[in-house]
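*Asks:* Mind having a look at this structure? Questions to follow.
The values are calculated or read from the model by the stated rules, or taken from the named source; none is laboratory data. What you see is a predicted model, and the numbers here were worked out from it, not measured in a lab. Quick reminder, even Gly has a Cβ in these numbers, built from the backbone with ideal geometry, and neighbours come from all protein chains shown. With ligands, DNA and RNA removed, areas are computed over all heavy atoms of the protein, side chains included. Shrake-Rupley method; radii C 1.70, N 1.55, O 1.52, S 1.80 Å.
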Amino acid sequence: MDLIFKTAGQSIDDVIDVLELADVISNVSLTGSIRKYVRVLNSKKEDIVLNCLASSAEQVTKNYINVNIHVPNLVNQPGGTPNSIDNTQPNSVRMNEIVDHVCEVLDGYRGYDFFLNLETAGDIVPDGGNWYMNIGIWYNYLRKEK
């Protein structure tokens with residue numbers, strides 16, 4: 001039996017399409033962009049970056065996709081002893097605004113040949129001198145015959 005397969009990249013493309021169809025950029029006044037795999041180098045904007053941690057090739061394909069919400073740190077709000085390292089605090093209020101909307105769009109979404117389930121939402125992760133908030137979703141796809 002010859003089955004249609006979706007790669008991790010194709011599943012990420014589907015999730016990006018869902019976010020774009022829901023007009024997330026306008027609805028949350030995102031200052032940056034929605035990107036696949038990596039953020040623009042040295043971006044000082046609000047960005048959404050998607051990547052895939054695990055993918056399967058079973059009859060029911062399950063891919064674990066990270067949706068990372070990057071927001072610039074709060075200005076002039078150091079997190080401790082001043083030093084040469086940027087240790088400003090994350091803008092968790094703004095991160096939560098964006099995450100709430102993105103979760104509302106993605107959780108339980110049913111597309112033509114896939115559906116999404118929210119696994120985790122709202123983990124704040126350090127990223128050098130910056131921070132991002134992580135949403136984990138399961139992308140479920142039933143492989144069909146060609």
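*Asks:* Please go through the stretch 57-78 and pick out each residue that is β-branched (Val, Ile, Thr) and either at pLDDT 95 or above or not in a loop (DSSP other than H, G, I, E, B) (or both).
*Replies:* Result: Val60, Thr61, Ile65, Val67, Ile69.
*Asks:* Now for a separate question. Every residue in the stretch 14-45 that is over 12 Å from the mean Cα position of the chain (by Cα) and more than 14 Å from His101 (Cα to Cα), please.
*Replies:* Within the stretch 14-45, Asp14, Asp17, Thr31, Gly32, Val40, Leu41, Asn42, Ser43, Lys44, Lys45 qualify.
*Asks:* Please go through the stretch 17-56 and pick out each residue that is open to solvent by less than 20 Å² (accessible area, probe 1.4 Å), in a helix (DSSP H, G or I) and of a type in the set (Val, Ile, Thr).
*Replies:* Val18, Val24
*Asks:* Moving on to the next point. Only residues that are small (Gly, Ala, Ser) and farther than 14 Å from Gly128 by Cβ: list them for the stretch 42-56, please. Show your work before the answer.
*Replies:* Kept after step one, since they are small (Gly, Ala, Ser), are these residues of the stretch 42-56: 43, 54-56.
Listed by number, the residues that qualify are Ala54, Ser55, Ser56.
*Asks:* What number goes with the only condition from (1) surrounded by 18 or more Cβ atoms within 10 Å (Cβ to Cβ); (2) in contact with a Ser or Thr (Cβ under 8 Å, 6 or more places away or on another chain) that Asn134 does not pass?
*Replies:* Every listed condition holds for Asn134 apart from (1).
*Asks:* Since Leu19 meets every condition but one in (1) closer than 18 Å to Glu104 by Cα; (2) free of Cβ contacts under 8 Å to residues at least 60 places away in the same chain, which condition does it not meet?
*Replies:* Looking at each condition in turn, Leu19 falls short on (2).
*Asks:* Being at pLDDT 90 or above and in a strand (DSSP E or B) is the filter; apply it to the stretch 109-123 and report the residue that is surrounded by the most Cβ atoms within 10 Å (Cβ to Cβ).
*Replies:* Leu116
*Asks:* Might you let me know whether the stretch 85-108 holds any residue that is in a loop (DSSP other than H, G, I, E, B), over 22 Å from Lys6 (Cβ atoms) and at pLDDT 85 or above? Before the answer, list the steps.
*Replies:* If we filter the stretch 85-108 for residues that are in a loop (DSSP other than H, G, I, E, B), which is where we start, we get 85-87, 89-91, 107-108.
Checking which are over 22 Å from Lys6 (Cβ atoms) leaves us with 85-87, 89-91.
Narrowing further to those that are at pLDDT 85 or above: 90-91.
Yes, the stretch 85-108 contains a residue that is in a loop (DSSP other than H, G, I, E, B), over 22 Å from Lys6 (Cβ atoms) and at pLDDT 85 or above.
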